[in-house]
Amino acid sequence: MNLLNDLWLLRHSDIFNELYYLAYHPEVKKFKINPYLHYLIIGGFAGLDPGPNFDSSWYLKTYEEARKSGLNPLIHYLKHGTKEDTRTFSKDGGKHIEFIGINGSGKTSLYHQVNDYLKQQLGYKPGPEKTWSGIIDDVRIRALGKGAYSCLIDFLGENKEFIVDILTANIKKINEPGLIPEFQNMVMRYFFAVSSTFQAVKSDHAKPWFMIDEGFCILLADYIVDDSGKFVSDLSEKLLTNMPKPDLLIHVKTDIDTCVNRLRTGRGKIPKPYRALSEAELMNLLFKWDKIYSNFVNVIEKSQTKVVLIDNNKPLDESTKELIPIIQSIL
């Protein structure tokens, strides 16, 4: 009878979100397990979250009475926590981490290693698996059930002035000599995909960590500074002030020769608009972007953003070992 009563509480609670639970734990659907029963008997005690507004592991860690009761964390909250005005997730939230570095620097490989590590610590991957247009299929957006466009509209609504600044800056850059329109459109599509995912994470209080290989920093860097370190327009300082800033920016540096070799022979992929370039032209392009990113990092570091420099000329495992303690310190 207690089990039936608890199931009834879950089913009639607006905290348990079946779509959310199944999106993060597709194996429950695959093996045709009742998601309410799974969370009640297994998921809650394993730290799985029933919805975007309840952090099971944080709840059990924070409230000793809940731990000692032996009750499922959400059941404890529904029976006792609501009367005591108990919180369901941390008010401090998670962290926003971004990677920046030129093509071939190995930042994407490093990103995936860190993403795998954080899954072990957080219980989920805080960073999307895919890039470019595939990012909008990230589990975070699917879990909320709002869709990428809905999340994007929310972001636009909350950041109107910032978006106007971006579009204004973009119009000025479209007519720059040598800028390839196809690449420009790709960057804008990616910007909107990142914005959608960032907004979805903001709405997910149970899993508030956000990490991305190429986020707002790498998208906005050349709208703010050039390769000489100067602001590129009268909008530069405004964009820098209003852009969503990471709690940690990981700057991955690798010498240009190594980057070119990785792009030509390894798993790295040269962006489509640049594949026709000669090796000398590619090196000059990478050198220019390396200067832009380094200058941007110097500027954003002055705005109280924590930056970590990773020399990625060494083996990937060594870079990962260097970065993990830094990540661990902010968990």
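The values are calculated or read from the model by the stated rules, or taken from the named source; none is laboratory data. Fair warning: this is a prediction, and the values are worked out from it, not measured in the lab. Because the Cβ atoms are built from the backbone with ideal geometry, glycine has one as well, and the counts that use them run over all protein chains shown.
Structure data summary
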read-out: Residues located in segment 43-89, provided they are under 28 Å from the mean Cα position of the chain (by Cα) and of a type in the set (A, V, I, L, M); value: ALA46, LEU48, LEU60, LEU74
read-out: Test: ASN159 is closer than 21 Å to LEU239 by Cβ, at pLDDT below 90 and in the same structural domain as LEU249 (by TED's automatic domain parsing); value: no
read-out: Residue in segment 273-287 that is surrounded by 14 or more Cβ atoms within 10 Å (Cβ to Cβ), in contact with an Asp or Glu (Cβ under 6 Å, 6 or more places away or on another chain), modelled with pLDDT of 95 or more and not charged (D, E, K, R) present; value: no
read-out: Candidates ILE310, ILE326, ILE330 - the one that is of a type in the set (A, V, I, L, M, F, W, C), on the phi < 0 side of the Ramachandran plot and touching a helix residue (DSSP H, G or I) at 6+ places or on another chain (Cβ under 9 Å); value: ILE310
read-out: Single match in LEU3, LEU10 (criterion: surrounded by fewer than 20 Cβ atoms within 10 Å (Cβ to Cβ) and farther than 14 Å from ALA143 by Cβ); value: LEU3
read-out: Of all residues making up segment 235-290, the number that are within 23 Å of PHE183 (Cα to Cα) and in a helix (DSSP H, G or I); value: 26
read-out: Some residue of segment 25-47 being on the phi > 0 side of the Ramachandran plot and either assigned by TED's automatic domain parsing to the domain that holds ALA143 or buried (at least 16 other Cβ atoms within 10 Å of the Cβ) (or both); value: yes
read-out: Failed criterion for ASP247 (all others in (1) under 30 Å from ILE15 (Cα atoms); (2) crowded, with 20+ Cβ neighbours inside 10 Å hold); value: (2)
read-out: Residues located in segment 55-105, provided they are among the small types (Gly, Ala, Ser), under 28 Å from ILE326 (Cα atoms) and surrounded by 15 or more Cβ atoms within 10 Å (Cβ to Cβ); value: SER56, SER57, SER90, GLY94, GLY101, GLY104, SER105
read-out: Condition met for ILE100 (touching a His at 6+ places or on another chain (Cβ under 7 Å) and of a type in the set (Val, Ile, Thr)); value: yes
read-out: Any chance LYS160 is touching a residue at least 12 places away in the same chain (Cβ under 8 Å), more than 27 Å from ILE330 (Cα to Cα) and surrounded by fewer than 16 Cβ atoms within 10 Å (Cβ to Cβ); value: no
read-out: All positions within segment 138-157 that are free of Cβ contacts under 8 Å to residues at least 12 places away in the same chain and more than 23 Å from ASP213 (Cβ to Cβ); value: SER150, ILE153, GLY157
read-out: One residue from VAL201, VAL260, VAL225 being within 26 Å of ILE141 (Cα to Cα) and assigned by TED's automatic domain parsing to the domain that holds PHE287; value: VAL201
read-out: Criterion violated by GLY123 - all others in (1) surrounded by fewer than 21 Cβ atoms within 10 Å (Cβ to Cβ); (2) out of contact with any strand residue (DSSP E or B) (no Cβ under 8 Å at 6 or more places or on another chain); (3) under 24 Å from LEU240 (Cα atoms) satisfied; value: (3)
read-out: Top-ranked residue of segment 182-232 - restricted to ones that are assigned to a helix (DSSP H, G or I), among the aromatic types (Phe, Trp, Tyr) and more than 30 Å from SER57 (Cβ to Cβ), ranked as modelled with the lowest pLDDT; value: PHE183
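Conditions tested, residue by residue: (1) buried (at least 17 other Cβ atoms within 10 Å of the Cβ); (2) not charged (D, E, K, R).
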residue	(1), (2)
THR197	yes, yes
VAL201	yes, yes
ASP204	yes, no
PHE210	yes, yes
PHE216	yes, yes
ALA221	yes, yes
ASP227	no, no
ASP234	no, no
GLU237	no, no
